[in-house]
1. Is there any pair with a first residue in the stretch 90-119 that is at positive phi and a second that is aliphatic (A, V, I, L, M) whose Cβ atoms are under 7 Å apart and which are 6 or more apart or on different chains, and what are they?
2. Within the stretch 1-75, which helices (runs of 4 or more DSSP H) (wholly inside it) include 2 or more residues that are at negative phi and either modelled with pLDDT of 95 or more or of a type in the set (Phe, Trp, Tyr) (or both)?
3. Quick test of your reading of the structure: Ala154 fulfils all but one of (1) in contact with a helix residue (DSSP H, G or I) (Cβ under 6 Å, 6 or more places away or on another chain); (2) closer than 25 Å to His207 by Cα; (3) open to solvent by 60 Å² or more (accessible area, probe 1.4 Å). Name the failing condition by number.
4. For the stretch 1-30: of the residues being of a type in the set (Lys, Arg) and surrounded by fewer than 16 Cβ atoms within 10 Å (Cβ to Cβ), which is nearest to Gln228 (Cα to Cα)?
5. Quick check on Lys129: is it over 15 Å from the mean Cα position of the chain (by Cα) and more than 27 Å from Lys12 (Cα to Cα)?
6. If we keep just the residues of the stretch 64-90 that are within 14 Å of Lys17 (Cα to Cα) and of a type in the set (Lys, Arg), which is most open to solvent (accessible area, probe 1.4 Å)?
7. Leu128: farther than 22 Å from Ile187 by Cα, touching a strand residue (DSSP E or B) at 6+ places or on another chain (Cβ under 7 Å) and crowded, with 21+ Cβ neighbours inside 10 Å, yes or no?
8. Does the stretch 99-118 contain at least one residue that is in contact with a Gly (Cβ under 8 Å, 6 or more places away or on another chain) and open to solvent by 70 Å² or more (accessible area, probe 1.4 Å)?
Amino acid sequence: VHSPFVYNLVTKCFYSKTNSADYTLISNYKKTLLKNNTVIEITDLGTGSMYTKNNNRSIKSIAKNSGAAIKRAKLLYHLANYFKFNNSLELGTSLGISTHAIALGNTNGKITSIEGCPKIAQFTSQNLKDKKITNAEILIGDFSKVIPKLHQDAFDFILFDGNHNKQATLDYFDLLLPKIHNDTVFIFDDIYWSKGMTEAWDMIKQHPKVTVTIDTFQYGFVFFRTEQVKEHFTIRL
């Protein structure tokens with residue numbers, strides 16, 4: 001890796017060996033969900049689950065099949081802590097595993113998360129409150145309708161983890177470009193989830209405002225740093 005910025009990110013954040021007491025909180029958050037038998041009705045505005053088309057699902061099944069892995073949650077925690085994101089946005093709250101990790105990563109920052117399913121949003125909002133997370137807010141609705149109503153002028157970090165559809169991903173990317181600054185970080189989840197998602201990822205990489213991208217297979221990182229030459233990296237996590 002020849003970029004000092006990317007080198008420091010990889011060595012000090014991606015590969016950080018720091019053991020935080022918050023790791024226990026992150027792990028316990030998901031473990032609790034995996035034991036929860038509560039059944040809720042799902043309203044899916046995106047591409048839906050790869051595992052079931054049943055609209056009534058238990059919390060534990062959602063946590064098992066759709067929730068972020070602990071490894072990814074810890075990475076998001078490290079990112080929030082490394083960059084000290086003040087204002088973060090998440091598209092696709094689900095059960096709040098990622099939301100919880102980002103909120104813990106910088107307790108002085110705020111994360112706004114958008115969830116399309118009212119029942120999941122209500123459950124997760126209460127669950128985060130029960131876990132004493134006070135710097136997270138969940139908004140309910142279709143991403144394309146909620147994003148234009150966001151009062152925040154710019155975000156430090158945006159996680160795209162909702163509608164895994166090529167055109168929707170590109171639309172959200174375009175919709176949120178006016179809310180970036182030089183140091184904003186975008187992460188696209190499941191960039192190899194489908195042929196369409198990979199095509200969307202390739203198109204985003206070529207956008208003139210994008211300077212640096214990092215492909216970790218699961219996540220696609222996008223940076224807009226004007227001081228950087230355009231480079232694309234592939235990093236194994």
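1. Ser94/Ile62; Ser94/Ile120; Gly96/Leu128
2. Qualifying helices (runs of 4 or more DSSP H): 4-9, 22-34.
3. Every condition holds for Ala154 apart from (3).
4. Lys12
5. The answer is yes for Lys129.
6. Among those residues, the one meeting the criterion is Lys71.
7. For Leu128, the condition - farther than 22 Å from Ile187 by Cα, touching a strand residue (DSSP E or B) at 6+ places or on another chain (Cβ under 7 Å) and crowded, with 21+ Cβ neighbours inside 10 Å - is met.
8. no
The values are calculated or read from the model by the stated rules, or taken from the named source; none is laboratory data. Just so it is clear, the structure is predicted and the values come from calculations on it, not from any experiment. Neighbour counts are summed over all protein chains in view; Cβ atoms, including those assigned to glycine, are modelled from backbone coordinates with ideal geometry. Only protein heavy atoms, including side chains, enter the accessible area calculation; ligands, DNA and RNA are left aside. Shrake-Rupley method; radii C 1.70, N 1.55, O 1.52, S 1.80 Å.
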